[in-house]
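These notes are about the structure you will find just below.
The values are calculated or read from the model by the stated rules, or taken from the named source; none is laboratory data. What you see is a predicted model, and the numbers here were worked out from it, not measured in a lab. Cβ placement follows ideal geometry from the backbone for every residue including glycine, while neighbour counts extend to all protein chains displayed. These area figures cover heavy atoms from the full protein model, side chains too; ligands, DNA and RNA do not enter into them. Shrake-Rupley method; radii C 1.70, N 1.55, O 1.52, S 1.80 Å.
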Amino acid sequence: MSLLGLFDIGRSALYASQTALNVTSNNIANANTPGYTRQEVTLSISNPISSAGGSVGAGVTLSGIKRNYDTFLQAQLQNQQQSLGRSAAMDQALGLIESVLNEAQGAGLSTALTDYFNAWQDLASTPTSQPQRMVLLQKATALAGSAQNIEAMVLDTIRSANNGISDAASQINMLASDIASLNGQIVQQETGTTQAANELRDQRDQKLNELSALVGNSYYEDESGSVTVTVGMRNLVSGTRTNALSTLTNAEGNKDLYLDGVNIADRVTQGRIGGFIAARDDIQTNVLTPFRRLIASITQQVNIQHQAGVGLDGSTGNDFFNPLQQLGTTTSSAGATISATVTSAAALTLEEYRITFNAAGDHYYVTNKQSGAAVADAAYASGNPIALLPGMSVTITGAVTSSDSFTVSPLTNAVSGFGVALTDTDALAASADPRVADPLAAVTANLPGDNANAVLVAQLASRTQTALGTTFSNYYSGIVSTTGAMKQISANTLAFDDNLLTAMRIQRDSVSGVSLDEEAANLMRYQRSYEAGARMIRITDELMQTILSL
Amino acid sequence: MRITPFIIFNQLTRGLSRTLNMYDAQNDRLNSGKKINAPSDNPTGLMRTMDYRVSVNAGEQYKRNIDAAMDNVNFTSTVMTSVYNTVIELQKLVAKGKSTQEPQELANSADEAEAYRDMLQDLANTKIMNQYLFGGFKSETQPYDDAYVYQGDDGEVNVPVSAAGAQIPINISGNSAFSFTGALTTPREVGTGQWAHYTQTGTQVTVNINNDENAPLAAGDSFVFSNVIQMAEHLRFAISEIGDADPVVSSNAMARISALEDPFNEMQEQLMSVQTDLGGRVSSLNSHAKVIEQNTNTLHKAITSIEEADPVEILAQLRQTEVTLQALRESAARVLSQSLFDFLR
């Protein structure tokens, strides 16, 4: 062991302490950086030198800078981010709907609905009163306005959800390209060495976190250090290549998610996108469609009863509200078209139907769009009317395939078309038709004082409606209550997910987080060992001097 | 487990945020006085209060219907009382007419009868809120024209007064009030050897005065009436004919007056039963109103029990939250303000 060897040992001590101080300072500087993983120097004994007296140590080497990272925790954290992203999006969307229907604060349809039927009661007490008739028309107009407001706000919320999906998709594309380029850099930096690219990996983890908040995904790292991310069972990022996520509006007016040419919308259940898709579907099934059905039922039943009565001007058969005439259809087919008309508004069952076909394109199946229950099926011939759907006539023309589908609904325009058809107060039918009891009577026989028809219309409010299964008001309070329940569940889920994520973050921080106290202690430690190393060199230098001055 | 100060810091901020959230929610409840401020606070509770409110609202509407009906029925009753009193006066004239009177008295009686007849016509043509009270469905046509013939119909206007579907008629048609059916059958001796025979079809009564007790259709003096106004007119005419020089005319007139005695008695009874019916309607309306009031009270109590927040309880919760908030803030201040660096030289 030569004297110069002592220099080497001292030098290695200095170098090790210096690097350690570097790393510690880096930790301190990045203490607040999100996603930063605490680094530590790994020191090991340098290869000893054999000598006559045995092995002699040769100092310290820096064997690596360790990144305190737990893969398992990180994967769990990503999963939880996805759940939280979904819960947050759902809670946000459902919160909007809840405020539209917040009956506890006086918003919503309840007051307008009861006011309208009360106006019929008042008319029954004074059937010839013109002011009372005008009030009734006003209340009806107010009811229509209220309903349309509510529908507009619900549709707005659905639109925001759809927009949220497109926004998230463009953000995801940016994150995907970031991840891809980081992949490239990490692979480049790590090839051929045993050192991990700590900072780049931290960055990539951060991007993956953000991605998880947006969409459900799974990822795995291969031996070269590159990460493959799949969304909806298709590759989003693979090495340095990405596939773009795009959105397309489908036949129902909703945004579908396409990756690599495949529609993955029903495979994405997590993340913000998953939350928006689920919220959108929930709102459409549990709020929009029932609300439309309620208004359609009111329109239908009031019109039926009103047509049976006689107005002050002797007219009968008049609609009170704009009748349900427009059927909404959607087409998902390349070669065929659908046409549908209402044959009898009174016979409509206020259900929505979906029509699909078999592989050969010669047999069709009609199912209830909400419940999926089979309604009818028969042989398909282009241009022939579809099997009797109550109250409507539907014809499909053209060649069909097994992937084609159509929907027919009397509810789509029920609220947007909702309005008072009568303008003349004298046409308001408060009187019953005397020809029912006596076919030979004149239609005006009971005018002007009869109120029997007004009473019947007023009593519609307390009658159980077949299409709804209960009264108008009860059905509506069911919608409000369901909305409240959904929001309550989503709020609870959000709180749960949030708490769980926090617990995981604590675990992660426990492993990877920086503690200023620790780093301060490390600073002291490495400073001392640096001083000791420097002292060692000086002593060695003095020894050399001694030798040289011999 | 290794804990870093940042973990504690994060926990504290979350704790503060959570406590502030609680504070906000409690404040909300205190402000509105209600436990349910959004459907998600208590979905089933809200559904029930909504349903109760619909019932309360319906009850209030029925109450309004009852009030309107009450107005009509009370007013009708007042009018019928006047009609009844007029008929009593007419009965007195009939009694007077059966005894001999001076020509001046006769003239006065005739004038009185005319006045009562006109009064009956006015009463029968009463209007309420510009609609004729006794016209049935024909509420814009004058019920009794100047020939005292009924122009209206028998329509009954029913008004719903309870959720169970009970309805109360609010009007009486002219025929029900001022006519009667099938009540006079017994012939009556109205003078020496003279008999009055009554035949009725619908509301029209034919009085035939002849000499044969057992032959209702034998030739004689006959006249027709359908309602009490026409009866009054016949009385007036008969009184004016008593003083006629022709003894046949005079005797016929006397006979007619006697023949009108039974019809007027019958009309008096009819009027009493109409009043009873109206009284029955009033008491029915009152009892429905009472039931509605009781139900409404019960429902209000139910709504309050689900919805109402107890301010005392909330204030206690608020105090607790404030204390928690204060504790968190103090602890945060202590923990976060120091680290090892403060103690290094």
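When each pair of different Cα atoms in region B:11-99 is counted once in the 1/r mean, what is the Kirkwood radius in angstroms, to one decimal?
Numbers: mean 1/r = 0.0510 Å⁻¹.
Kirkwood hydrodynamic radius for region B:11-99: 19.6 Å.
Along region A:61-76, what does the Karplus equation 6.51 cos²θ - 1.76 cosθ + 1.60 (θ = phi - 60°) give for ³J(HN,Hα), rounded to whole Hz, x for Gly and Pro?
With coefficients 6.51, -1.76 and 1.60, one gets 10, 8, 8, x, 10, 8, 9, 7, 9, 10, 4, 4, 4, 4, 4, 4 Hz.
Taking the dipole about the Cα centre of region B:1-138, with the C-beta of Lys and Arg at +1 and of Asp and Glu at -1, give me whichever of B:16, B:94, B:43 is farthest to the positive side.
B:16
Rounded to the nearest whole Å², what accessible area per residue is found for region B:39-173 with the 1.4 Å probe? All intermediate terms of the calculation are to be shown ahead of the outcome.
Values: 5990 Å² over 135 residues.
That works out to 44 Å² per residue.
Shielding by partners for A:112-121, please: the mean number of other protein chain Cβ atoms within 10 Å of each residue's Cβ. Provide the component values of the computation, followed by the final result.
Values: counts 0, 2, 7, 2, 0, 3, 7, 1, 1, 8.
The shielding value for this peptide is 3.
Give me a single rounded figure for B:133-141: the average over its residues of other chain Cβ atoms within 10 Å of their Cβ.
Values: counts 0, 0, 2, 3, 13, 6, 6, 5, 2.
Other-chain Cβ atoms within 10 Å of each residue's Cβ, averaged: 4.
Compute the length gained on full extension between residue A:436 and residue A:285: take 0.36 nm times their separation in residues and subtract their Cα-Cα distance, giving the result in nm to one decimal.
Extra length from residue A:436 to residue A:285 when fully extended: 50.2 nm.
For chain B, what is the charge dipole size about the Cα centre, in debye to the nearest 20, if Lys and Arg each add +1 at the Cβ and Asp and Glu each add -1 at the Cβ?
Details: 26 positive and 42 negative charges, 737 e Å.
Charge dipole, chain B, about its Cα centre: 3540 debye, nearest 20.
Which value, in debye to the nearest 20, gives the size of the charge dipole of region B:89-138 about its Cα centre, when Lys and Arg are +1 and Asp and Glu are -1 at the Cβ? Show your work: numbers first, answer last.
Details: 6 positive and 8 negative charges, 72 e Å.
So the magnitude is around 340 debye.
In square angstrom, what is the accessible area per residue of region A:10-58 with a 1.4 angstrom probe?
Using a 1.4 Å probe on heavy atoms only, each residue of region A:10-58 averages 53 Å².
Can you send over the solvent-accessible area of residue B:34, 1.4 Å probe, protein chains only, in Å² to the nearest 10?
Approximately 50 Å² of residue B:34 is accessible to the 1.4 Å probe.
Can you return the aspartates and glutamates within cross-link range of residue B:63? Criterion is Cα-Cα under 18 Å, with same-chain partners fewer than 8 residues away left out.
Counting by Cα, and skipping residues close in sequence, residue B:63 has these aspartates and glutamates nearby: A:115, A:122, B:71, B:293.
Just tell me, in residue order, which DSSP H segments of chain B are both 15 angstrom or longer along the helix axis (alpha-carbon based) and at least 0.0 in mean Kyte-Doolittle hydropathy. Intermediate values should be presented prior to the final figure.
Working: long enough: B:5-32 (41 Å, -0.51); B:43-98 (81 Å, -0.30); B:103-124 (31 Å, -0.79); B:228-242 (21 Å, 0.72); B:247-259 (18 Å, 0.63); B:261-307 (68 Å, -0.61); B:311-336 (37 Å, 0.19).
The qualifying helices are B:228-242, B:247-259, B:311-336.
For region A:287-296, take each phi angle, set θ = phi - 60°, evaluate the Karplus expression 6.51 cos²θ - 1.76 cosθ + 1.60, and give the result in whole Hz per residue in order, putting x for glycine and proline.
With the stated coefficients, region A:287-296 comes to 10, 5, 5, x, 5, 4, 5, 4, 5, 4 Hz.
Check which residues have an amide H placed less than 5 Å from residue A:377's amide H, if you skip close sequence neighbours.
For residue A:377, whose amide H was placed from the backbone, the distant partners under 5 Å are A:366.
Lysines near residue A:369 by alpha-carbon distance under 28 Å, same-chain residues fewer than 8 away left out - which ones?
A:255, A:487
How many angstrom separate the Cα center of region A:94-109 from the Cα center of region A:187-263?
Comparing the Cα centres of region A:94-109 and region A:187-263, I get a distance of 39 Å.
Leaving out ligands, DNA and RNA, and with a 1.4 Å probe, what % of the accessible surface on chain A is carbon or sulfur? Please list the in-between numbers first.
Numbers: 12530 of 23800 Å².
Roughly 53 percent, rounded to a whole number.
Quick one: buried accessible area between B and A, total over both chains, 1.4 angstrom probe, nearest 100 Å²? Intermediate results must be reported in sequence, preceding the final value.
Details: alone 19550 and 25870 Å², together 41110 Å².
For B against A, buried area totals roughly 4300 Å².
Taking Cα centroids, how far is region A:429-505 from region B:191-229 in Å?
So the separation of the two Cα centres works out to 62 Å.
With labels modelled as points extended 7 Å from the Cα through the Cβ direction, what inter-label distance (nm, one decimal) is found for residue B:282 paired with residue B:145?
If labels sit at residue B:282 and residue B:145, their model points lie 3.5 nm apart.
With unit charges on the beta carbons (Lys and Arg positive, Asp and Glu negative) and the dipole taken about the Cα centre of the protein assembly as shown, which residue among A:150, A:186, B:164 sits farthest to the positive side?
Highest projection toward the positive end goes to A:186.
Return one number: the angle in degrees, 0 to 90 and rounded to the nearest 10, between the long axis of the Cα atoms of helix A:110-125 and the longest principal axis of the Cα atoms of chain A.
10
Quote the FRET efficiency, to the nearest 0.05, computed for residue A:534 versus residue A:47 with a Förster distance R0 of 25 Å and r equal to the Cβ-Cβ distance. Don't skip to the end; give the middle numbers.
On the way: r = 24 Å, r/R0 = 0.95.
That pair, residue A:534 with residue A:47, gives E of 0.55.
What residues qualify as long-range amide H neighbours of residue A:256, i.e. H under 5 Å apart, gap of 5 or more or another chain, H built at 1.01 Å from N?
The answer is A:248, A:249, A:250.
When the dipole is taken about the Cα centre of the protein assembly as shown, and only Lys, Arg (+1) and Asp, Glu (-1) are charged at their Cβ, what size is it in debye, to the nearest 20?
On the way: 56 positive and 89 negative charges, 1053 e Å.
So the magnitude is around 5060 debye.
Consider all pairwise Cα distances in chain B and report the whole-number % of them above 24 Å. Don't jump to the answer; show the numbers that get you there.
Details: 41961 of 59340 pairs.
Cα-Cα pairs in chain B separated by more than 24 Å: 71 percent.
Please report the accessible area of residue A:498 (heavy atoms, 1.4 Å probe, ligands and nucleic acids excluded) in Å², nearest 10.
Answer for residue A:498: close to 60 Å² accessible.
Remind me, relative contact order of chain A in percent, using alpha carbon pairs under 8 angstrom and six or more residues apart?
On the way: 962 pairs, mean separation 114.2, N = 550.
This gives 21 percent for chain A.
How large is ³J(HN,Hα) for each residue in region A:336-350, as worked out from phi by the Karplus curve 6.51 cos²θ - 1.76 cosθ + 1.60 (θ = phi - 60°), to whole Hz, x for Gly and Pro?
Each residue of region A:336-350 in turn: 10, 10, 10, 9, 9, 9, 8, 9, 8, 4, 6, 8, 4, 9, 6 Hz.
Can you compute the helix-only [θ] at 222 nm over the protein assembly as shown? Use -39500 (n - 2.57) per DSSP H run of at least 4 residues, normalise by all residues, nearest 500 deg cm²/dmol.
Working: 18 runs with 477 residues, N = 895.
Helix contribution divided over all residues of the protein assembly as shown: -19000 deg cm²/dmol.
Pairs of alpha-carbon atoms within less than 8 angstrom and 6+ residues apart define the contacts here; what relative contact order does region B:234-345 have, in percent? List each step's numbers first, then the result.
Details: 20 pairs, mean separation 13.6, N = 112.
It comes to 12 percent, rounded to a whole number.
Starting from the amide H of residue B:171, placed 1.01 Å from N in the peptide plane, find each other amide H under 5 Å away whose residue is 5 or more places distant or on another chain.
Amide H to amide H, under 5 Å and 5 or more residues apart or across chains, residue B:171 pairs with B:157.
Once the convex hull of the alpha carbons of region B:66-198 is built, what does its volume come to per residue, in cubic angstrom? Display every interim value, and only then the final one.
Details: hull volume 18.3 nm³, N = 133.
Per residue, the Cα convex hull of region B:66-198 comes to 138 Å³.
Which residue, B:183, A:163, A:385, has the largest displacement toward the positive end of the dipole of the protein assembly as shown when charges sit on each Cβ (Lys, Arg +1; Asp, Glu -1)?
A:163
What's the long-distance tail for the protein assembly as shown, i.e. % of Cα pairs beyond 52 Å? Don't skip to the end; give the middle numbers.
Working: 197147 of 400065 pairs.
For the protein assembly as shown, the fraction of Cα-Cα distances above 52 Å is 49 percent.
Take peptide B:151-158, look around each residue's Cβ out to 10 angstrom, count Cβ atoms belonging to other protein chains, and average those counts. Spell out each step's value before the answer.
On the way: counts 0, 1, 5, 0, 10, 4, 9, 5.
If you average over the peptide's residues, the count of other-chain Cβ atoms is 4.
For an R0 of 41 angstrom, estimate the FRET efficiency from the Cβ-Cβ distance between residue B:102 and residue B:128 and round to the nearest 0.05. Could the numbers behind the result be given before it?
Values: r = 43 Å, r/R0 = 1.05.
After rounding, the FRET efficiency stands at 0.45.
Let's test the formula: R0 of 35 Å, r as the Cβ-Cβ distance of residue B:28 and residue A:371. What FRET efficiency results, to the nearest 0.05? Don't skip to the end; give the middle numbers.
Working: r = 38 Å, r/R0 = 1.10.
Here the calculated transfer efficiency is 0.35.
Could you tell me the relative contact order of region A:354-418? Use alpha-carbon pairs under 8 Å, at least six residues apart, and round to a whole percent. It would help to have the intermediate numbers written out before the result.
Details: 95 pairs, mean separation 21.8, N = 65.
Computed over region A:354-418, the figure is 34 percent.
Need the list of lysines near residue A:207 for cross-linking: C-alpha distance under 24 angstrom, and skip anything on the same chain fewer than eight residues off.
Cross-link targets: A:66.
Within a Cβ distance under 14 Å of residue A:388, other residues only, what is the Lys/Arg minus Asp/Glu net charge?
Details: positive: none; negative: A:351, A:377.
Around residue A:388, the surrounding residues sum to -2.
Kindly identify region A:438-534 as rounded, prolate or oblate by the Cα gyration tensor criterion: order the square roots of the eigenvalues as a ≥ b ≥ c, call it rounded if a/c is under 1.5, otherwise compare a/b with b/c, prolate if a/b is larger, else oblate.
Values: a/c = 11.26, a/b = 7.37, b/c = 1.53.
Here region A:438-534 falls in the prolate category.
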